[in-house]
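Just so it is clear, none of the values below were taken in a lab; they were calculated from the coordinates. Because the structure is predicted, anything quoted here is derived from the model rather than measured. Every residue, glycine as well, gets a Cβ built from its backbone with ideal geometry; the counts of neighbours run over all protein chains shown.
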C-alpha cells in the first residue's frame, strides 16, 4: 500500500499537481514557516490527525506518505488522511506557518509541541506549552486577531479563514 501511495504521489508531482496546488494567486512565504530541513512542516506530524476526521490525536506521519503542498512537505499517518487533506488543504494546514499561536500574537516565532493544539473552527493552532495554549484559548478573539496581523506582517500572507 505504501509503495502504491508513493508511486501515486510521484505521478501527481510529475504531472503537475504541485503546480496546480501552488497556482491559487495567494502569496506564500515559506521562508518564514517553521520547517524541518527547510521543507517538512509540523515536524513530520500528520496535519489531519488532530481533527475528528483524522482520529483527534496528534500522530507522527510516515515519510513515505508525503505531499509537497505549496512548498511545504507534509507527512501523513495513513492514505486516508492524505486524501482528506487533498479535499480541503487550507483547513488542515497549521496557522501562522506552524509557529506557536500565542507567541505569534506577540510577533514572535517560537517552536511548537505537536501535541499542544486547539482547533477553532477551521483553524488549527499549535503551542509551545500548555500555559501558552490556555492563555490563547482564554483570550482567543483578541489574540487570534493580533496573531493574524503579526503573521501578515512577518510573512505577507493573509490569515487563514
TODO: Answer with yes or no whether residue 58 is at negative phi and out of contact with any strand residue (DSSP E or B) (no Cβ under 7 Å at 6 or more places or on another chain).
DONE: no
Open item on the list: I'd like the full set of residues that are crowded, with 20+ Cβ neighbours inside 10 Å and within 13 Å of the chain's Cα centre (by Cα), limited to the range 67-80.
Closed with: 67, 69, 72, 74, 75, 76
TODO: Keeping to the range 71-99, report how many residues are within 16 Å of residue 44 (Cα to Cα) and outside any helix (DSSP H, G or I).
DONE: 11
- [ ] Look at the range 147-161 and say how many of its residues are crowded, with 17+ Cβ neighbours inside 10 Å and in a helix (DSSP H, G or I).
- [x] 6
TODO: Scan the range 45-65 for residues that are in a strand (DSSP E or B) and buried (at least 20 other Cβ atoms within 10 Å of the Cβ) and report the count.
DONE: 2
